[in-house]
Amino acid sequence: MTRSCARPGCGEQASATFGYDYAHSTVFLDILAEEAHPAVYDICRRHADSMSVPRGWHLVDRRRGPATLAGHLTAP
Ligand SMILES: [Zn+2]
């Protein structure tokens, strides 16, 4: 099954999945989920790489494994 990027006007094939963790003000990026999930969104490589997050939020890129953090996630 092929899914396309969730960004308006973008028809690229999705290569990543992202979602919001409101409790921790974090946006997480993951490799494309096997199945679509109502709480996450599919996004293409280009948009994933240029992902920006709201002021005060953190971006966690988990596409290269759980140990790789992009952004500034601080321990509670
Ligand atoms: Zn896109």
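The values are calculated or read from the model by the stated rules, or taken from the named source; none is laboratory data. The structure displayed is predicted, hence computed values, not measured ones. We work out accessible area using only protein heavy atoms, side chains counted, and drop any ligands, DNA or RNA first. Shrake-Rupley method; radii C 1.70, N 1.55, O 1.52, S 1.80 Å.
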Global geometry of segment 14-61, whether rounded, prolate or oblate, following the gyration tensor of its Cα atoms and the 1.5 cut on a/c: oblate
Probe 1.4 Å, protein heavy atoms only - accessible area per residue of segment 14-61 in square angstrom: 61 Å²
Estimated vicinal HN-Hα couplings, Hz - segment 20-31 in sequence order (Karplus 6.51, -1.76, 1.60; Gly, Pro = x): 10, 10, 5, 5, 10, 6, 10, 9, 10, 10, 10, 4
